[in-house]
Amino acid sequence: MQYLPNRKASRDVPAEPDEALSDRHREALAAALTPLVEQIAHDDLKAVLSRARVGIMHRDLDRRVLIVNEAYCKLVGRSAQQLDGLEFAAFTHPDDVAQSCRIFAENFDRGTPFEIEKRYIRPDGTAVWCSVHVSFVADAAGKPQSTIVVASDITARRNAEEELRENEEHYRHTVELNPQISWTAGADGAVLDVSSRWHRITGIAKTDAMGERWIAALHPDDVPRTRTQWAASVANARPLDIEYRLRTSSGAYRWFRGRAAARVDAAGAVVKWYGTLEDVHDRRLAQDELRHSEERFRLAAQAANLGIWDYDVASGRREWSSEFRAMLGLPPETEPSVATAMTLVVPEDRHLLDALVDAAWAGDNDARSEIIVRVRRADDNAMRWMRTAGWRMQTASGQLARIVVTIRDVTDERTAEERIRWAANHDALTGIANRFRFTERLEQAIARSKPGREVALVLLDIDRLKEINDTIGHDAGDALLRAFAARLDAAFGSGTVVGRLGGDEFAVLLTGVAEPDLTGLTEAALEALRHPVEYDGHAWDIQATAGVSIYPRDGACADELLKSADIALYVGKSNRRGEVSVFEPAMRAGIQRRTSMLHVARMVVKEARAVPFYQPKVALDTRRITGFEALMRWHHDTLGVQGPDTVSAAFEDLRLAAALSDRMIDRVAHDLRGWIDRGLCPGHVAINLAPAEFRDDKLVDRVIGPFNRLGVPLEYVELEITETVLLGRDTDKVATTLAALRDHGVKIALDDFGTGFASLSHLKLFPVDVIKIDKSFVANMCQQRDDAAIVEAVVGLAHRLKMEVVAEGIERESEARYLSELGCTYGQGYLFGRAVPAAAVPALLG
């Protein structure tokens, strides 16, 4: 046995002492060589491997030799040192390299063992055919770390097979040229005539072969059998087919096949026998060599832990290897039989074994067959998967001679495959169908749908999942997702397919539900889902929003149906949270408009087209400009200056909203710096912030940073927010952000007050300095008493809370006078001036 010097075996395997194997390597080699080790259990491992008739080599993934025996070195004609680091292609026959690479790659990722017949090339150029079994030693994660190769020399068998094929071709031509020894005999079996080839082959004169004198040329061991069979044929007029050895002119014996058939008269009596002698010596030698090769194969199979089932048709003898009996959980003394094996095969798979046996007896042209059956072990009743590969062997006359079957326990492989197959089609967290499997089922449902039997798709999105993940933790979020999946499956009832498409989005596939009933069913399911979920002392309600689409009305295929349901879900999340929205074509137009807006917004950001236009804010009593509101504008190449309404969808997207806002803040800071340097006093300049921006932890730095860099006092800066900001989920975070901005000297203005759902408590909870009355109230206050009352109430409230109040949208003098009489301090609107570019502001301030 040859070992390489002590060193680190691979990147993942620690170095082992010289002349020793790690536990992992011992386990791997023990698994591969169990039968051999059992036979000589008390021998030293090195001595065992050195005496093994098969070659064994263990290498890591860097091709470093961990252990190799002399048999393997002799096979490949290289020492352990020469094999160390050597690519297998270097000692593999060039014609076999591609196939070896392919089979290795196919099995490496799965870590599955495989067998191959290939040629090794020795340094002297000679080739040796080997049967090679390759196994992988894997780590705890199932990742292969090294390979174990068991190789046995099958050169003689391959050569014999090749020679046998050549001989058969030769015999075919020989028959065509009548090369056989032909002979005739009387009805009593006595030879009457023999062809001249008899003398050329045996050296015996034709006259000395007459009668029964030809028997003298037979090998003594073959005489009794030959006499008996020939006498039986003569007595029963049955054809003769026998093989025996004849002494040739050289004195050596050769195998011949003797065949004879009787010619009978009209009464059925034998008239004469006609026969031939065919030289089959080479074939018999090849068969003997084949038997030896089969024995080597048997040893290799034992090393690879394969079970063997061998059936000799002529003798009726069956043999089971000890490994096969162990696989079936049978005692060593169990007699082999088909019935015994059949009782252990699960009933559902017995037809496979029956078909295999029937095909073998029927003379199926396919010499090799393979099936996988499930077996209940006799000892513990455990179910195991067995891969069975069989080979049929025929005589020269085409008759079935032997059946050799190998059996390998592939339960672990099948179990791993089942786990992989399950994981490929199911969501690991919830156990329901994943996106791939759900889409597949949706496509199948569409393909099977019939007129009048609708296919409906419901998409559901869980509200507040992110909030739960952020506040309680992802474990709580996972518990909510699992509970939601279980409830969803129960809420819609049997006959539905439930899947998780990703994140907090789920889907339900319904068939045969009429459209009028669909909305009610979904609403009932949403109500059932709302029951609180408890986890680690916390309890919260589950609320989901649903979007529905129907085939074929809303889409002709799975992708279109998913898009329609997704559009309905998006619209529902925007306007009808917690409710059901059924897809309508108009929704698609809205989504397309939003998509177009986002596209335009990205262009505006990329090309830095956003600029502030300034609308003056005046004191209503003096009409003096006291400040400005910076309104976003951008320039269109064809349409000219555009307002923010053309990109309004961008303000819902944090990234785009932040990019547009940063551009506006930067330009306002530069404009203020320029006006201050000219000695102008622009007052407070208000900048609008989108609600989405309050999700940004860096908002405070983004706002004050440009002004600080340019040395602009923050007392000039005012930020306008809408009621939506105060009504969001992260109110504590919003309050903290506004307080930080206010601490830096920035004034906070609440825009469009009264149009939403903000209450008086919000004015108390949040640091608001300015209330802006929405123009919708100002426009009608002189005509409608309700609007007038609202404006009066807001003005009075602002004064009591010591807040500034600004009326927006003033377009008529009567509106300005009325507001001034009510005590409104400031006003803004077209009456005092439209928004103008920065270059026009100095003229207004002058």
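Determine whether Arg197 is in contact (Cβ under 8 Å) with a residue 24 or more places away in the chain, out of contact with any Gly (no Cβ under 8 Å at 6 or more places or on another chain) and of a type outside the set (A, V, I, L, M). So Arg197 fails the test. Within segment 145-165, the presence of at least one residue that is under 30 Å from Thr276 (Cα atoms), of a type in the set (S, T, N, Q) and either modelled with pLDDT of 90 or more or not in a strand (DSSP E or B) (or both) is confirmed. Arg402 meets each of the listed conditions (1) modelled with pLDDT of 75 or more; (2) charged (D, E, K, R); (3) in contact with a strand residue (DSSP E or B) (Cβ under 6 Å, 6 or more places away or on another chain) apart from (1).
Gly111 - would you say it is assigned by TED's automatic domain parsing to the domain that holds Arg64 and either in contact with a Leu (Cβ under 9 Å, 6 or more places away or on another chain) or not in a helix (DSSP H, G or I) (or both)? Full working, then the answer.
Working: assigned by TED's automatic domain parsing to the domain that holds Arg64: yes; either in contact with a Leu (Cβ under 9 Å, 6 or more places away or on another chain) or not in a helix (DSSP H, G or I) (or both): yes.
So Gly111 passes the test.
Condition (residue is surrounded by 22 or more Cβ atoms within 10 Å (Cβ to Cβ) and basic (Lys, Arg)) applied to segment 518-535: is it met by at least one residue? No, the conditions are met nowhere in segment 518-535. Residues that are assigned to a helix (DSSP H, G or I), touching a residue at least 12 places away in the same chain (Cβ under 8 Å) and charged (D, E, K, R) within segment 396-439 comprise Glu413, Arg414, Arg435, Arg437, listed in sequence order. Selection of segment 189-225 for residues being in contact with a helix residue (DSSP H, G or I) (Cβ under 7 Å, 6 or more places away or on another chain) and in a helix (DSSP H, G or I) yields Trp198, His199, Thr202, Lys206, Ala209, Ile215, Ala217, Val223. For segment 47-94, a residue qualifies if it is free of Cβ contacts under 8 Å to residues at least 40 places away in the same chain and part of a strand (DSSP E or B), and exactly one does: Thr92.
Just one of the listed residues (Val65, Val76, Val97) is within 27 Å of Ala140 (Cα to Cα), at pLDDT 90 or above and touching a helix residue (DSSP H, G or I) at 6+ places or on another chain (Cβ under 6 Å), namely Val65.
Of all residues in segment 277-323, those that are in a strand (DSSP E or B), modelled with pLDDT of 80 or more and of a type in the set (Asp, Glu) total 2.
What number of residues in segment 96-144 are in contact (Cβ under 8 Å) with a residue 24 or more places away in the chain and farther than 16 Å from Gly77 by Cα? Outline the logic, then answer.
Of all residues in segment 96-144, those in contact (Cβ under 8 Å) with a residue 24 or more places away in the chain come to 104, 107-108, 110-113, 115, 117-124, 126-131, 133-139, 142-144.
Keeping just the survivors that are farther than 16 Å from Gly77 by Cα gives 104, 107-108, 110-113, 115, 117, 131, 133-139, 142-144.
Counting residues in segment 96-144 that are in contact (Cβ under 8 Å) with a residue 24 or more places away in the chain and farther than 16 Å from Gly77 by Cα gives 20.
Scanning segment 488-508 for residues that are outside any strand (DSSP E or B) and in contact with a Gly (Cβ under 9 Å, 6 or more places away or on another chain) yields Gly495, Asp504. Look at (1) at pLDDT 90 or above; (2) under 28 Å from Asp666 (Cα atoms); (3) touching a strand residue (DSSP E or B) at 6+ places or on another chain (Cβ under 9 Å) and you find that Asp774 fails only one, number (1).
Residues that are farther than 17 Å from Ile687 by Cα, buried (at least 18 other Cβ atoms within 10 Å of the Cβ), over 56 Å from the mean Cα position of the chain (by Cα) and not small (Gly, Ala, Ser) are absent from segment 755-763. Does segment 786-797 include one or more residues that are assigned by TED's automatic domain parsing to the domain that holds Glu718, exposed (fewer than 15 other Cβ atoms within 10 Å of the Cβ) and closer than 22 Å to Gly745 by Cα? Within segment 786-797 (the criterion being assigned by TED's automatic domain parsing to the domain that holds Glu718, exposed (fewer than 15 other Cβ atoms within 10 Å of the Cβ) and closer than 22 Å to Gly745 by Cα), the answer is no, since none of the residues qualifies.
Meeting the requirement of 1 or more residues that are more than 21 Å from Asn688 (Cα to Cα), the helices (runs of 4 or more DSSP H) wholly within segment 760-846 are 760-765, 785-800, 813-822, 841-845. Note on segment 639-735: enclosed helices (runs of 4 or more DSSP H) holding 1 or more residues that are crowded, with 19+ Cβ neighbours inside 10 Å and modelled with pLDDT of 90 or more are 654-677, 699-710.
Scanning segment 324-365 for residues that are within 16 Å of Ala401 (Cβ to Cβ) and either modelled with pLDDT of 80 or more or not in a helix (DSSP H, G or I) (or both) turns up Gly363, Asp364, Asn365. Going through segment 527-553 one residue at a time, which ones are closer than 20 Å to Leu488 by Cβ and part of a loop (DSSP other than H, G, I, E, B)? Hits for segment 527-553 are Arg530, His531, Pro532, Asp541, Ile542, Gln543. Could you tell me whether any residue of segment 183-195 is modelled with pLDDT of 90 or more, within 15 Å of Gly275 (Cβ to Cβ) and of a type in the set (Ser, Thr, Tyr)? So far as segment 183-195 goes, yes, one or more of its residues are modelled with pLDDT of 90 or more, within 15 Å of Gly275 (Cβ to Cβ) and of a type in the set (Ser, Thr, Tyr).
Quick check: anything in segment 539-558 at pLDDT below 80, in the same structural domain as Thr439 (by TED's automatic domain parsing), surrounded by 14 or more Cβ atoms within 10 Å (Cβ to Cβ) and farther than 30 Å from Tyr830 by Cβ? Yes - at least one qualifying residue is present in segment 539-558.
Yes/no matrix, rows are residues, columns are (1) without any contact (Cβ under 8 Å) to a residue 12 or more places away in the chain; (2) assigned to a loop (DSSP other than H, G, I, E, B); (3) within 31 Å of the chain's Cα centre (by Cα):
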position: Val458; (1), (2), (3): no, no, yes
position: Arg482; (1), (2), (3): no, no, yes
position: Leu510; (1), (2), (3): no, no, yes
position: Asp517; (1), (2), (3): yes, no, no
position: Leu521; (1), (2), (3): no, no, no
position: Ala525; (1), (2), (3): no, no, no
position: Gly555; (1), (2), (3): yes, yes, yes
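Tell me, which residue of segment 564-623 that is aromatic (Phe, Trp, Tyr) and not in a loop (DSSP other than H, G, I, E, B) is surrounded by the most Cβ atoms within 10 Å (Cβ to Cβ)? Talk me through it step by step, then tell me what you get.
Taking segment 564-623 as the starting set, the residues that turn out to be aromatic (Phe, Trp, Tyr) are 570, 583, 613-614.
Restricting the remaining residues to those that are not in a loop (DSSP other than H, G, I, E, B) gives 570, 613-614.
Working: Tyr570: 19, Phe613: 19, Tyr614: 24.
Checking each candidate, the answer is Tyr614.
Go through segment 261-289 and give me each residue that's closer than 24 Å to Ala187 by Cα and either of a type in the set (Phe, Trp, Tyr) or in contact with a helix residue (DSSP H, G or I) (Cβ under 7 Å, 6 or more places away or on another chain) (or both).
First, the residues of segment 261-289 that are closer than 24 Å to Ala187 by Cα: 261-278.
Residues satisfying the conditions are Trp273, Tyr274.
The values are calculated or read from the model by the stated rules, or taken from the named source; none is laboratory data. Being a predicted model, the structure only gives us computed values, none of them experimental. Glycine also receives a Cβ, built like all others from the backbone with ideal geometry; neighbour counts cover every protein chain displayed.
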